[in-house]
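Chemist: A single structure is presented below for examination.
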Amino acid sequence: MKFKTFIGLEVHLQLNTRSKIFCSCPVRFGTSPNTQTCPVCLGLPGSLPVLNKEALKKAVKLCLALKCQISKEIRFDRKNYFYPDLPKGYQISQYSQPIGTNGRLKGIGIRRVHLEEDAGKLIHTSEGSLVDYNRAGIPLLEIVSEPEIATPQQAYEYLICLKSICEYIDISDCNMEEGSLRCDANISVAKEGEGLGTKVELKNMNSFHGVERALRYEQTRQEKVLRSGGEVVQETRLWDAQRQITLPMRSKEEANDYRYFPEPDLPIFFISEQMIEQIKEEMPELPEKRRERFKREYALPEYDADLLTREKEMADYFERCVELFPQPKTVSNWIMRDILSYLNAHKKEWKDLCLSPERFSELLRILERKEISINMGREVLTEMINTHKRAEEIIRERGLLQVSDEKKLAEVVERVIKANPRSVEDFSRGKEKALMFLVGQVMRETKGRANAQIVQKILRERIKRKEEGLS
Amino acid sequence: MLKKKEIQVEDILLSLFARIEEVEERVKAYIFLDKEKILKEAKQERKKDLSFEIPVSVKDNICVENEPTRCASRILEGFKPPYDATVIKRLRQVGAILFGKTNMDEFAFGSSTETSAYQITRNPWNLEYVPGGSSGGSAAAVAADEAILALGSDTGGSIRQPAALCGIVGFKPTYGRVSRYGLIAFGSSLEQIGTLSKDVRDSALLLQVIAGFDEQDSTSSPLPVPDYLKYLEKGIKGFRIGIPEEYFISGLDKGVKERIEEAIKVFEGLGAKCTRVHLPHSKYALAVYYIIAPAEASSNLLRFDGVEYGLRKEEKDLFRMYEKTREEGFGKEAKRRIILGTYVLSKGYYEQYYSRAEKVRRLIIEDFRKVFEECDLLLAPTSPTPAWKIGEKIDNPLQMYLSDIFTIPANLAGIPAISVPCGFSEGLPVGLQILGRSFEEEKVLQAAYAYEQSTDWHRQRAKI
């Protein structure tokens with residue numbers, strides 16, 4: 001039996017505006033509960049919302065980046081329901097007329113993008129539940145995709161790509177672990193050719209990989225159900241990250257009727273062509289375009305261009321380095337192979353990197369002059385990141401300058417040849433591997449500072465001369 | 001006199017206190033009055049502009065910092081807002097003295113002030129009668145000389161109707177003229193804070209202070225506020241005044257009808273040209289209002305859930321706590337409107353009710369727009385009847401709702417409208433309503449003043 005999977009993602013992004021969406025309270029994290037609040041975001045009786053234009057602008061920015069149709073009239077609606085984290089008993093959201101519709105991201109349709117306010121946060125303690133309203137009123141963008149994502153892997157890619165765009169246009173931190181990006185998914189599996197299956201909603205994922213794993217688990221689960229002749233139940237399931245499974249959510253007593261209606265406290269906002277043009281002008285080059293330019297301008301392969309342009313800061317870094325050290329592929333190799341693996345190994349992000357392009361290119365120049373070996377270069381790089389010292393300083397301190405002086409090396413080679421007659425013999429008999437062993441011995445003697453290519457050259461010469469002398 | 005320092009504000013306060021001492025027990029206009037605090041504040045060195053050093057009584061749904069603001073509801077028991085409404089801020093800035101909180105229908109749901117959870121306010125003209133509502137406390141306080149000026153709110157007639165029933169002036173400005181920030185919302189798209197006073201000049205003075213753009217209310221208008229006093233004495237010669245036929249329905253009290261007809265003659269005598277006009281969709285106004293207003297109210301009242309402030313009935317389960325709190329906190333009429341509003345917004349009914357009501361509302365607005373192409377103002381009765389006996393309509397909500405039939409259209413259209421005393425019907429005051437174009441408060445005031453000055457109804461005092 002062949003199956004087809006349909007995945008849709010619903011992402012909530014916290015916008016990185018300075019103040020909240022409907023009041024002037026600062027958006028600040030990590031402060032004591034209920035300190036970033038005022039009558040408006042606390043929903044006190046009599047208070048009224050005033051739209052933060054910056055939030056609207058950032059929303060338009062994303063809509064443009066996702067190639068959405070942008071609504072000319074922006075209206076807000078009330079979504080009514082009771083919950084303690086919702087101070088007014090309704091959330092100001094957009095229902096009938098979202099800011100953006102019909103967008104596209106990585107070939108996936110974007111159904112709608114709309115602006116709304118975040119709710120507070122419940123903190124459960126042994127003595128009862130507490131509410132922190134610092135988060136209430138932080139601007140949120142909801143981005144709903146069409147159910148056109150075909151695999152969990154593709155869902156992951158979609159999120160990476162969305163995050164990348166948001167960072168480029170500077171609208172959100174997109175940190176799922178910290179909650180500035182939240183993602184729910186819906187997935188249905190059906191027999192090939194039968195259209196959409198029964199939709200299951202997934203919640204409670206707290207990382208991009210979590211989303212991918214939850215979808216994968218759910219995909220397999222649904223396939224199993226179908227294969228055994230069963231039917232998938234339409235429900236909401238929660239991802240249990242610890243057990244790596246999804247479980248049905250305790251079903252609500254009844255379906256919520258949010259009784260949406262137009263928010264009477266806010267007027268209609270008009271988005272003019274002029275405003276759109278102005279925002280377009282302020283838009284940076286987006287990852288997709290930049291990737292193509294990197295391929296063209298720096299002759300980078302697709303893989304490099306894609307990886308380097310995912311994070312704006314990394315791409316900026318790369319370009320600055322190339323200005324200082326105009327060998328794009330070398331720069332790319334060092335960034336991807338060495339800097340990225342360092343960051344990954346230390347669970348750090350690009351923004352945590354304490355290494356200026358200036359200092360990094362100094363190292364690349366030293367390597368170009370072959371003053372140290374590539375392996376040494378790697379060690380120096382790590383130390384540069386760790387200690388914030390310059391490459392030269394580290395090389396000097398550790399005496400790492402590469403020995404390329406043939407005379408000096410010849411002495412060591414002589415000693416190694418004398419000490420390893422078996423290997424010399426092996427090499428003479430045609431065992432190439434034996435030469436590598438001898439090179440290794442020279443490296444050991446020189447504490448790795450010998451220029452391996454020159455060592456090889458001398459070794460070959462000396463052994464050859466010996467053979468000639470013997471015969 | 002105040003400005004010339006012929007009298008001190010303290011003297012005014014003391015004479016008000018004396019009057020309150022004398023009649024409040026019978027009228028019951030106030031639900032909060034801290035005399036000591038008022039005197040203390042009046043004596044305090046106020047380094048502000050003191051151009052308006054006058055006591056102003058405030059309806060209980062307007063937030064005054066750190067003073068009980070309960071909308072005459074149990075559910076807001078104990079609630080003291082940590083902030084001043086914009087109108088209160090503006091009043092303080094010019095030296096006004098805030099003079100207690102006046103009774104009202106719970107959350108302004110009513111036309112008689114009988115739905116207050118705290119007390120029944122009586123009409124100073126006859127204590128067996130209602131003062132009207134929902135700003136009945138403000139109207140009765142002014143009519144009984146327990147207040148000089150009062151603020152009210154008008155969602156469907158809640159300033160004009162009690163003003164009419166208590167024989168005083170009540171003015172609802174254009175939607176957006178006065179900031180709603182700090183007015184505890186009932187029908188957000190309909191209501192405005194306005195004035196209750198003994199004469200038109202006082203209303204103009206008070207409006208001058210509270211009107212104008214407020215960046216905290218997105219629905220407030222940035223249009224400049226004219227100097228209203230300058231317009232008062234300009235007269236109304238040449239004004240074209242429309243008399244909407246639809247306001248002279250069969251249920252109209254005979255005395256009311258006669259008083260309005262007499263008033264029209266006064267206007268003609270002042271040089272205005274009165275003509276009959278039509279507002280064909282007026283007959284739907286009440287129905288439209290009783291969809292839109294409860295819909296907005298049902299949402300606006302969701303926040304009273306016992307979580308953050310006000311009444312909370314402790315229960316183990318969260319949703320039981322909500323139910324218990326709201327069950328005990330809200331009165332009958334509030335519950336009726338919440339249920340009605342929730343119903344008309346529900347899935348499957350939204351299109352049928354709310355959506356259609358919004359469409360008809362646009363027709364009503366269009367009616368006014370057309371009429372105002374040919375008229376400067378409209379004249380109509382404020383209320384179809386004078387005050388009625390306490391208890392007479394409280395169990396018949398439809399009867400009660402009908403008493404706002406002439407005031408509701410101005411709220412749906414957002415236009416300014418004033419009620420001025422125009423005589424009596426069987427010993428009870430009758431109000432004349434003057435409606436104007438949006439943001440032409442000065443014209444409404446000008447006409448009201450011209451009428452008032454050529455009659456002496458506003459000088460008549462309740463004998464209590």
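Chemist: For the range A:351-393, enumerate the residues that are part of a helix (DSSP H, G or I), loosely packed, with under 13 Cβ neighbours inside 10 Å, under 28 Å from the mean Cα position of the chain (by Cα) and touching a residue at least 12 places away in the same chain (Cβ under 8 Å).
Modeler: A:351, A:358
Chemist: Among the numbered criteria (1) assigned by TED's automatic domain parsing to the domain that holds residue B:186; (2) of a type in the set (A, V, I, L, M, F, W, C); (3) out of contact with any Phe, Trp or Tyr (no Cβ under 6 Å at 6 or more places or on another chain), which one does residue B:311 miss?
Modeler: For residue B:311, the failing item is (1).
Chemist: Find the residue count for the range B:419-460, including only residues that are over 20 Å from residue B:162 (Cβ atoms) and in a strand (DSSP E or B).
Modeler: The number of residues fulfilling the criteria is 1.
Chemist: Against the definition (surrounded by 17 or more Cβ atoms within 10 Å (Cβ to Cβ) and part of a loop (DSSP other than H, G, I, E, B)), how does residue A:259 come out, yes or no?
Modeler: Working: surrounded by 17 or more Cβ atoms within 10 Å (Cβ to Cβ): yes; part of a loop (DSSP other than H, G, I, E, B): yes.
Against the criterion (surrounded by 17 or more Cβ atoms within 10 Å (Cβ to Cβ) and part of a loop (DSSP other than H, G, I, E, B)), residue A:259 qualifies.
Chemist: Something else now. Report every pair of residues separated by at least 6 positions or lying on different chains whose Cβ atoms are under 6 Å apart, first residue within the range A:445-462 and of a type outside the set (S, T, N, Q), second part of a loop (DSSP other than H, G, I, E, B).
Modeler: Once the first residue is of a type outside the set (S, T, N, Q) and sits in the range A:445-462, its partners that are part of a loop (DSSP other than H, G, I, E, B) give A:449/A:402; A:454/A:404.
Chemist: Can you find a residue that is within 14 Å of chain B (Cβ to nearest Cβ) and touching a helix residue (DSSP H, G or I) at 6+ places or on another chain (Cβ under 6 Å) anywhere in the range A:204-227? Let's see the steps before the verdict.
Modeler: We begin by selecting, within the range A:204-227, every residue within 14 Å of chain B (Cβ to nearest Cβ); these are none.
No, that holds for no residue.
Chemist: Which ones in the range B:324-360 are in contact (Cβ under 8 Å) with a residue 60 or more places away in the chain and either within 12 Å of chain A (Cβ to nearest Cβ) or in contact with a Cys (Cβ under 6 Å, 6 or more places away or on another chain) (or both)?
Modeler: B:325, B:326, B:353, B:354, B:357, B:358
Matching residues to (1) within 13 Å of chain A (Cβ to nearest Cβ); (2) surrounded by fewer than 19 Cβ atoms within 10 Å (Cβ to Cβ):
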position: B:37; (1), (2): no, yes
position: B:43; (1), (2): no, yes
position: B:65; (1), (2): yes, yes
position: B:81; (1), (2): yes, no
position: B:87; (1), (2): yes, no
position: B:97; (1), (2): no, no
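Chemist: Starting from the range A:281-294, take each residue that is within 17 Å of residue A:58 (Cβ to Cβ) and list its partners that are assigned to a helix (DSSP H, G or I) and hydroxyl-bearing (Ser, Thr, Tyr), counting only C-beta distances under 7 angstrom and pairs at least six apart or across chains.
Modeler: Qualifying pairs under 7 Å: A:284/A:168; A:286/A:168.
Chemist: So is residue B:58 touching a strand residue (DSSP E or B) at 6+ places or on another chain (Cβ under 7 Å), assigned to a loop (DSSP other than H, G, I, E, B), in contact (Cβ under 8 Å) with a residue 24 or more places away in the chain and under 30 Å from residue B:190 (Cα atoms) or not? Break it down into steps so the answer makes sense when it comes.
Modeler: Details: touching a strand residue (DSSP E or B) at 6+ places or on another chain (Cβ under 7 Å): yes; assigned to a loop (DSSP other than H, G, I, E, B): no; in contact (Cβ under 8 Å) with a residue 24 or more places away in the chain: yes; under 30 Å from residue B:190 (Cα atoms): yes.
No, not satisfied.
Chemist: Looking at A:178, A:231, A:167 in this structure, which one is surrounded by fewer than 17 Cβ atoms within 10 Å (Cβ to Cβ) and under 21 Å from residue A:351 (Cβ atoms)?
Modeler: Numbers: A:231 fails: under 21 Å from residue A:351 (Cβ atoms); A:167 fails: surrounded by fewer than 17 Cβ atoms within 10 Å (Cβ to Cβ).
Unique residue meeting the criteria: A:178.
Chemist: If we scan the range A:16-23, do we find a residue that is among the aromatic types (Phe, Trp, Tyr) and within 14 Å of chain B (Cβ to nearest Cβ)? Don't jump to the end; show me each part of the working.
Modeler: Within the range A:16-23, the subset among the aromatic types (Phe, Trp, Tyr) is A:22.
This time we only want the ones that are within 14 Å of chain B (Cβ to nearest Cβ), so: A:22.
The answer is yes; a qualifying residue exists.
Chemist: Touching a helix residue (DSSP H, G or I) at 6+ places or on another chain (Cβ under 7 Å) and within 14 Å of another protein chain (Cβ to nearest Cβ): does that describe residue A:76?
Modeler: Details: touching a helix residue (DSSP H, G or I) at 6+ places or on another chain (Cβ under 7 Å): no; within 14 Å of another protein chain (Cβ to nearest Cβ): yes.
Here the answer is no, as residue A:76 does not meet what is asked.
Chemist: Let me ask you something else. Please work out which one of (1) assigned to a loop (DSSP other than H, G, I, E, B); (2) more than 26 Å from residue B:296 (Cα to Cα); (3) β-branched (Val, Ile, Thr) is the condition residue A:144 fails and give its number.
Modeler: Going through the list (1) assigned to a loop (DSSP other than H, G, I, E, B); (2) more than 26 Å from residue B:296 (Cα to Cα); (3) β-branched (Val, Ile, Thr), residue A:144 breaks only (1).
Chemist: Under 7 Å between Cβ atoms, which residue pairs at least 6 apart in sequence (or on different chains) link something in the range B:206-231 that is farther than 16 Å from residue B:172 by Cα with a partner that is part of a loop (DSSP other than H, G, I, E, B) and of a type in the set (Val, Ile, Thr)?
Modeler: B:215/A:50; B:216/A:50; B:218/A:50
Chemist: From the list A:60, A:50, which one is surrounded by 17 or more Cβ atoms within 10 Å (Cβ to Cβ) and not in a loop (DSSP other than H, G, I, E, B)? Show your work before the answer.
Modeler: Numbers: A:50 fails: not in a loop (DSSP other than H, G, I, E, B).
Every option except A:60 fails the conditions.
Chemist: State yes or no: is residue B:144 buried (at least 24 other Cβ atoms within 10 Å of the Cβ) and within 14 Å of another protein chain (Cβ to nearest Cβ)? Full working, then the answer.
Modeler: Working: buried (at least 24 other Cβ atoms within 10 Å of the Cβ): yes; within 14 Å of another protein chain (Cβ to nearest Cβ): no.
Judged against the criteria, residue B:144 is not a match.
Chemist: Just to be sure before I move on: is residue A:67 part of a helix (DSSP H, G or I) and surrounded by fewer than 21 Cβ atoms within 10 Å (Cβ to Cβ) in the structure I sent?
Modeler: Values: part of a helix (DSSP H, G or I): no; surrounded by fewer than 21 Cβ atoms within 10 Å (Cβ to Cβ): yes.
No: the conditions fail for residue A:67.
Chemist: Residues A:164, A:126: which one is within 19 Å of the chain's Cα centre (by Cα), of a type in the set (S, T, N, Q) and in the same structural domain as residue A:93 (by TED's automatic domain parsing)? Break it down into steps so the answer makes sense when it comes.
Modeler: Details: A:126 fails: within 19 Å of the chain's Cα centre (by Cα).
That would be A:164, the only listed residue that is within 19 Å of the chain's Cα centre (by Cα), of a type in the set (S, T, N, Q) and in the same structural domain as residue A:93 (by TED's automatic domain parsing).
Chemist: Which numbered condition trips up residue A:187, out of (1) aliphatic (A, V, I, L, M); (2) surrounded by 19 or more Cβ atoms within 10 Å (Cβ to Cβ); (3) not in a strand (DSSP E or B)?
Modeler: It fails just one condition, (3).
Chemist: Continuing with the same structure: Take the range A:1-24 and flag every residue that is outside any strand (DSSP E or B), at pLDDT 95 or above and either of a type in the set (D, E, K, R) or buried (at least 21 other Cβ atoms within 10 Å of the Cβ) (or both).
Modeler: So the first thing to find is which residues in the range A:1-24 are outside any strand (DSSP E or B), and the list is A:1-2, A:15-18, A:20-24.
From what's left, at pLDDT 95 or above: A:15-18, A:20-24.
Selection gives A:15, A:18, A:20, A:21, A:22, A:23.
Chemist: Would you pick out the residues in the range A:81-95 that are surrounded by fewer than 22 Cβ atoms within 10 Å (Cβ to Cβ), within 9 Å of another protein chain (Cβ to nearest Cβ) and either part of a strand (DSSP E or B) or more than 34 Å from the chain's Cα centre (by Cα) (or both)?
Modeler: Correct list: A:81, A:82, A:89.
Chemist: Look at the range A:103-141 and say how many of its residues are of a type in the set (Asp, Glu) and not in a loop (DSSP other than H, G, I, E, B).
Modeler: 3
The values are calculated or read from the model by the stated rules, or taken from the named source; none is laboratory data. These figures come from a predicted structure and were not determined experimentally. Cβ sites come from the backbone with ideal geometry, for glycine too, and all protein chains shown count toward neighbours.
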